[in-house]
Each structure stands twice: as structure tokens, then as C-alpha cells.
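K.L.:
Can you read through this structure? Questions will come right after.
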Amino acid sequence: KKMEKPWDKIEFKQGETFLKDRVTWRVHSVGSKKLEGRNNSVTAVFYYKTKKYPNGVSSLDDCEATPVNEMKKYVWLESFLTPNYPKSIEDRDRKFVCHPLILEKFEEDSWKQFHFSDDQLALIRSIIAKRAEQSRNEQMKMAFMVLNADIVDLFGIVIDQISRSLGRQQLCGEKQKIDGKAAPDFMYEIKFSATRKLTVWMERLFILAGFVEDDDGVFKPQRPDAITRLFGLHTTRSYGNGLVRPAFFTKDEIDRANESLSEGSQIDCNIINPFEVSDSALYFGLAEKELGDKAYDPRCGCAVEDRKMYPHYILRHAIISEWLNYGKGHPDPRLKSITAVEPTQHLSIHKKTITSKPYGGIAIESGTEYSLRYAIQRTYRQTVNRRAMSPLFVSLLK
């Protein structure tokens, strides 16, 4: 059966206003026009910014146009999704101004938030606006926030490198060299550099995350979630998880396994890979089927008429988390393997001072080179089943 789309019931009336990209827009009219990038004329809704044209506009040339079906979907999603999170990755990227750990100075456990709320953004802006009236300590906090934008970009590159290391097909046999010596197969090292100005604030972030510097200048985790607080998916602009990489069985492999199972114990094939299904499929049943009430933001209310769903990028990772916790040591049978960074074992951050010495000058400190060293563990299955996965590196379990 064709899935009914709630936005098909939406009608636009002339003069009606709605919010789009946090700006008030007013419907001018609905008609036909050839839009850019489309060969044929389509039925479109024409609307304009009320701030730009407070008295309205006289011609369609001054309006923006969007196909009616796409506009209906946008308006419906605005009312269907929770207002506590950005509706898209683009909106999240625009609001992501500094590393979430900095907000722990003002709000307990704020690092767990997926993005900066409007209140938190207002707090950051007010600190910057009032910097002339603040004490030296407050100015340092303000500078920390400004520099964090650069730190987030740098951390994004580091997280991408971690993710690439987890994506290697062959982990055994690829000997890594650390400090010029051969390291175990499960060890990996990533190097990144920071300017002298960023170094101070980055090391404060290490400490906030739960790392402690020893006498040799090596940062080691004192909290089991230190690496997550520092490089978790909530710290990235794109909401990507660089610390865990799952692999999935194909639909054909699951279908073959279902042939030998009874009807009540067969494995669901409606969703094989949460990152490959469409947003509409998630909103129309798949997310609720996999997550239940966890697909909805509890802050919007528990009544059916008040429930608001999380946006698609949160739902996808929530489904992965649910699959990983499918059973004690028994992840969901659709998962073929899980490659992840060990949270505490062999985890350390080493640093080395970078000096520059132009010809005829003297050596001066110009920055710091950091070396992130961590262990990788991969658990896997050879066939589709509901049994526990086997670890690739048994020595890490000791």
C-alpha cells in the first residue's frame, strides 16, 4: 500500500505566515512557474520575507518559489520534529560554536547535549559582548570560547583520522611503528599539531574531559568516558561517531538465514543499515519500530498529541546504540562486526614542543605536536545469528 503522507493535507492560503530558517515568511500565492534546475513548469508556492517586504510585494519576480510538495513537507516537519534540536546537519553546523565541554563551567553535564540551545548561545554572546566589563577570569573564559571554534575544526580532522583507522578492512598484519618501534596490531597513532595559542586551551580541554598529565607530560585517562567526552559524536559538527564503526550483513545474507528460521524468529529486513534508509522511512514507522518511545523527545511531553520526534541524524545513531545493546554481549543479528576505540586500555596523548629557527635567528617555541595513541578492538560474526560476537584481539580482554 502507498504510504499516506500527512503533509499532503496541508493547504496554503494567501497571506499565511510561517517560520523558515528562523525567519518569518508570508505566502504570496500558489501558481505555476519554471524553477531553476527543472525542465518543466511545476506548481510552486511563492513566499517572501516579511522583514524585507513589510508591506508585501507586487510581483512574483520579487518572491522565492519552492515546489508545493517540498514546501508542504518542510512545514509539516517543522511541526512534527522536536524544537529542542536542529532539524538538519546544516542547522547544527551553524549553531556549533565551541566544544561542548566548555559549557560544563556553566551547566552540569552539558557536554551530553547534542548541540547548543538558544539559551546557551545567548550566554556565549553575552559574555563576548560584555568583555570590556568583565574581570580577567571572565575574559579568559570568553577567549576560550572563541578559540574553541578553531579547536573544534582541528578535532574534526583528528576524529576523521580515527574513523579512517577503524575502517581498515585488515587490522592484523599491519604493523604500526610508534617511537620507531614496532607496535602490536591493535595499536594506532595519530599526530596533530596546534599553535602556541591553541595549546593552552587544548590541554585544558584534555583535563576537562578526564585526562591527567603525569610527570613525563603524557595525558592518560582517569575517567572511563574521557575519550568520549573529548572526541564523541556530540563534539562534531556533522554528528558523526569516529570512535565506533559498525558493519552490516547484506539483505541477501539475512534472507538466506531466515530460510532456516521459523516465522516467529525471523530477522527483520525492513532496515539493514540505518545510514542508508531515507529520512521519510525513519519518520514513517521505522524509527518508532526500532526505538519505541526513545524515538521521541521526552521534554516535549509524553501524551500522543504532544510527542515530537528527534531529527533523522539523531535517530540513526540511536538505532545503532540500540542494536549494540540488543542483549548482554549479543548485539543485534543484523550487525556483522563492530570496530571501536578501547576507552581506557593503551590510551594516551603525548606531546612534543615544536621550535622554529629561521636562518640567522634563534630557536623559539611555535607550537606543540600531539600524538594520540589508542587501541582498536573488533568483534565480529561469520554468519547471521543471535549469538555473541568473537573478539579479534583476545589480549585486550585481559
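The values are calculated or read from the model by the stated rules, or taken from the named source; none is laboratory data. It should be emphasised that the depicted structure is a prediction, and the values quoted were computed from it without experimental measurement. Please note: Cβ atoms are built from the backbone with ideal geometry, for glycine as well, and neighbour counts cover all protein chains shown. Remember, those area values only see protein heavy atoms, side chains included, never the ligands or the DNA or RNA. Shrake-Rupley method; radii C 1.70, N 1.55, O 1.52, S 1.80 Å.
K.L.:
By per-residue mean of other Cβ atoms within 10 Å, what is the highest-first order of 91-100, 252-261?
P.N.:
Sorting 91-100, 252-261 by mean packing, highest first, produces 91-100, 252-261.
K.L.:
Can you compute the modelled spin-label distance between His330 and Arg204, with each label point 7 Å from Cα toward Cβ, in nm?
P.N.:
4.9
K.L.:
For the charge dipole of the chain, defined by +1 on Lys and Arg C-beta atoms and -1 on Asp and Glu C-beta atoms about the Cα centroid, which residue among Leu230, Ile159, Cys300 has the Cα displaced farthest towards the positive pole?
P.N.:
Ile159
K.L.:
Next up: Please list, in chain and number order, the residues 5+ apart from Lys33 or on another chain whose amide H is under 5 Å from its amide H, with Hs placed from the backbone.
P.N.:
Sorted by chain and number, the residues that satisfy this are Val42, Ala44.
K.L.:
Report in % the part of the accessible area of the chain that belongs to carbon and sulfur, leaving out ligands and nucleic acids; probe 1.4 Å.
P.N.:
48
K.L.:
A further question follows. On a straight-distance basis, which aspartates and glutamates could pair with Lys357 in a cross-link, Cα separation under 12 angstrom, same-chain partners fewer than 8 positions away excluded?
P.N.:
Glu365
K.L.:
Another question, if that's okay. Counting only pairs 8 or more residues apart or on different chains, how many lysine pairs in region 187-336 have their Cα atoms under 26 Å apart?
P.N.:
Lysine pairs satisfying the spacing and distance rule in region 187-336 number 13.
K.L.:
Could you sort Ile89, Ile227 by accessible area so the largest value comes first, with the probe set to 1.4 Å?
P.N.:
Greatest to least solvent exposure: Ile89, Ile227.
K.L.:
Put +1 on the Cβ of each Lys and Arg and -1 on the Cβ of each Asp and Glu in the chain; which of Ala287, Val200, Thr383 then has its Cα farthest toward the positive end of the dipole?
P.N.:
In the chain, that residue is Val200.
K.L.:
Just order 263-275, 345-357 by mean Cβ neighbour count inside 10 Å, highest at the front, would you?
P.N.:
Peptide ranking by packing, descending: 345-357, 263-275.
K.L.:
Further, regarding this structure: Can you give the relative contact order of the chain as a percent, counting alpha carbon pairs under 8 Å and 6+ residues apart?
P.N.:
About 15 percent, as a whole number.
K.L.:
Between Arg386 and Ser280, take the C-beta separation as r, use R0 = 41 Å, and let me know the FRET efficiency to the nearest 0.05.
P.N.:
Once the sixth-power term is evaluated, E becomes 0.85.
K.L.:
Something else now. Mind listing the long-range amide H neighbours of Gln176? Cut-off is under 5 Å, sequence gap 5 or more, other chains count too, H placed in the peptide plane at 1.01 Å from N.
P.N.:
Ala183
K.L.:
Still on this structure, I have one more. What does the charge dipole of region 1-57 about its Cα centre add up to, to the nearest 20 debye, if the Cβ of each Lys and Arg holds +1 and the Cβ of each Asp and Glu holds -1?
P.N.:
About 120 debye.
K.L.:
Which helices, taking whole DSSP H runs in the chain, have alpha carbons extending 27 angstrom or more along the helix axis plus mean Kyte-Doolittle at least 1.6?
P.N.:
none
K.L.:
Further, regarding this structure: Just going by the charge dipole of the chain, with Lys and Arg at +1 and Asp and Glu at -1 on Cβ, which of Phe211, Asn273, Asn258 is farthest out on the positive end?
P.N.:
Going by the Cα projections, it comes out as Phe211.
K.L.:
Now for a different question. For the chain, what is the mean residue ellipticity at 222 nm derived from helices alone (per DSSP H run of n ≥ 4: -39500 (n - 2.57); sum divided by total residues; nearest 500 deg cm²/dmol)?
P.N.:
Computed mean residue ellipticity for the chain: -8500 deg cm²/dmol.
K.L.:
With a 10 Å cut-off between alpha carbons and a GNM built on the chain, which of Tyr47, Tyr283, Tyr310 moves the most?
P.N.:
Taking springs between Cα atoms under 10 Å, the residue moving most is Tyr47.
K.L.:
With only Lys, Arg, Asp and Glu charged, each at its Cβ (+1 for the first two, -1 for the last two), find how big the charge dipole of region 208-367 is about the Cα centre; round to the nearest 20 debye.
P.N.:
580
K.L.:
So if I place +1 on the C-beta of Lys and Arg and -1 on the C-beta of Asp and Glu, and nothing else carries charge, what would the dipole magnitude of the chain be about its Cα centre? I want it in debye, nearest 20.
P.N.:
480
K.L.:
Same structure again: Rounded to the nearest Å, what's the spacing between the alpha carbon centres of region 320-384 and region 84-101? Just the number, please.
P.N.:
24
K.L.:
Continuing with the same structure: How much area per residue is accessible in the chain when the probe is 1.4 Å and only protein heavy atoms are counted (Å²)?
P.N.:
56
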